[in-house]
Each structure stands twice: as structure tokens, then as C-alpha cells.
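To start, the structure itself, in C-alpha cells.
Just so it is clear, none of the values below were taken in a lab; they were calculated from the coordinates. These figures come from a predicted structure and were not determined experimentally. Methodologically, a virtual Cβ is constructed for each residue, glycine included, from the backbone with ideal geometry; neighbour enumeration extends over all protein chains shown.
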Amino acid sequence: MSQIKYHRIILKISGEALAGEKGTGIDPTVIKKLAQEIKLVHDMGVQIGIVCGGGNMWRGETGAKLGMERAQADYMGMLATIMNGLALQDGLETAGVPTRLQTSISMRQVAEPYIRRVAISHMEKNRVVIFGGGTGNPYFSTDTTAALRAAEINADVILMAKNGVDGVYTADPNLDPKAKKFAELTQLDMISKGLQVMDRTASSLSMDTHIPLIVFNVNTPGNIKRVVEGENIGTIIRG
Ligand code: UDP
């Protein structure tokens, strides 16, 4: 019997993690692999909520830089997260994992509306709940959504799945060979050292809720399971 340290988790998957080598769009092969990784943890009885990003398709900030109205561009980003949610749902269901997609922007034909108590009830019935549409508000991010949903559903931890990076470093490990990985940090350390894992709104919410965040490399097979079992393979950031 494997030991479970975190029984209810929020897994934050950035849009980039769904894009594969091309860096944009959705790669079904990547989704398939990820679904198997999530299935491993689901089979252990862990309750899973997933917040997906949308950066593989669109970011509001990019649109705003190109002269679009920021809020309008942000709504486009939120819709991108719902497309990613549908792709993840497809991958998970194909792998035999029951899911529900809930969105903060109503889209009755394709997803349930986000209702906190219904989400918790789904998780208690061992359905993976995918949270699409971000917070439903422009000017926010899916990192903030992860911090918010984690607090709302009483998650034990937020797992920040990174693409190839296995934690938080003193400097960019790709550029500086002397860069050292932190095993543990606080959200205050992150702000004072100018380290960026999530945006400031998300950090400050995590500081209030005290829900720990673990940054780890999702590309190594078995890593989600390792983190859930409490293995120290990434960086833990406490609120
Ligand atoms: N977004 C938003 N409000 C939210 C969450 C997301 O407006 O609550 C928009 C925002 O434009 C953002 C885009 O959706 O750039 C995609 O989300 P994010 O950048 O967080 O995705 P990730 O970087 O994780 O792929």
C-alpha cells in the first residue's frame, strides 16, 4: 500500500504543458501521457481538481500589447482554458478516469457551471473535476484560479506542474550552471527574492490561505504520484 500525504489536490497545468514540442496549440500525445500520470494518482483514491491555463493558445496580455482592450483579450484567454479543459477531459475519459468539466463562464452545452459544493461532491465520488475559464474575471490568471479553487474546495496542496523545470532555483538553471534549487521557501521569500513562480495576486492569496504549493517537473513519469506520496522532488512554498 502506498502512503498518501495529500488526499485532495489542485493540480495546476499550464497551457504550455499541453502544447508539446511545438510550444503552441494542443498535442494529443502529450495529453494522453498526462492523463496516464493523473490516472495513477486517481487510482490511489486521491481527490483531484485540475486548473488548466490557456497560454498555449492565447494570453490577454499579448493582445493588450498589440492594442486590444485588455478585458476583451482576457476573455479570449479564458475561453482558451476551456478548450484545454475539454482536451484534458477527453484524454482522461479515454484513459478510464471519470471527470466533470466545470466552467466559470457558462457554457451549458459543453460544461457544467462552476458550483463549489457540486465540485466537492464530484471529488468525493472520485470524479476528477477540471476547472475551466479561470476565475471568470479579466485581469486575473489561472495561477490565481488555482489558489482560489484550492481554498474553496479545501485542498491540502497546490501542485504546480512545470514543463521540464523541477523546482525553484536561485537563477535560471539553463543559463547559470551554479544555480541552486531551493527545497523549501515561503511566499514572502518568493516576493523578497524576486522569484517568480506565480503572479503576485496568486502569491498573496496563497499567503492568506496557507495552502502549500509544490513546484515540480511533470515531464518525469511518476512525478505526480511521488509528490502526492510526499517525496521531496521539487520545491515546496509555504504560505
Ligand atoms: N485569464 C483571465 N482571468 C482568469 C484566468 C485567465 O483573464 O481568471 C486569461 C488571461 O488573459 C490569461 C489567459 O486567460 O493570459 C490564459 O491564462 P494563463 O496565462 O494563466 O495561462 P497559463 O500561463 O497557465 O497557460
Practice item. Give the long-range amide H neighbours of Val128: residues separated by 5 or more places, or on another chain, with amide H under 5 Å away, using H modelled in the peptide plane at 1.01 Å from N. Key: Thr99, Arg100
Review point. To the nearest 20 debye, what charge dipole does segment 8-238 have about its Cα centre, counting +1 at the Cβ of each Lys and Arg and -1 at the Cβ of each Asp and Glu?
Key: 180 debye
Point to revise | Along principal axes, Cα extents of segment 1-137, largest first, whole Å | key: 55, 35, 28
Point to revise | Rh by Kirkwood over Cα pairs, then Stokes-Einstein D for segment 147-217 at 1.567 mPa s and 4 °C, µm²/s | key: 101 µm²/s
Point to revise | trypsin sites (Lys or Arg not before Pro) within segment 39-123, DSSP loop, no more than 14 other Cβ atoms inside 10 Å | key: Arg108
Exercise for review: Please name whichever of Ile233, Gly60, Val118 sits farthest to the positive end of the charge dipole of segment 8-238, dipole taken about the Cα centre and charges placed at Cβ: Lys and Arg +1, Asp and Glu -1.
Suggested key: Val118
Review point. Which length gain, in nm to one decimal place, applies between Glu21 and Arg108 when the Cα-Cα distance is subtracted from 0.36 nm times their residue separation?
Key: 28.0 nm
**Study point:** For segment 97-213, convex hull of alpha carbons as volume per residue, Å³
**Key:** 134 Å³
Review point. Regarding the chain, what are the three Cα extents along the principal axes, ordered largest first, in Å?
Key: 55, 51, 36
Exercise for review: Return the subset of Lys65/Lys180; Lys12/Lys181; Lys33/Lys178; Lys33/Lys180 for which the Cα-Cα distance in this structure is over 27 Å, preserving the input order.
Suggested key: Lys65/Lys180; Lys33/Lys178; Lys33/Lys180
Check your understanding: Which value at 222 nm does the chain reach when only helices count, each DSSP H run of 4 or more adding -39,500 (n - 2.57), with the total divided by all residues and rounded to the nearest 500 deg cm²/dmol?
Key -> -11500 deg cm²/dmol
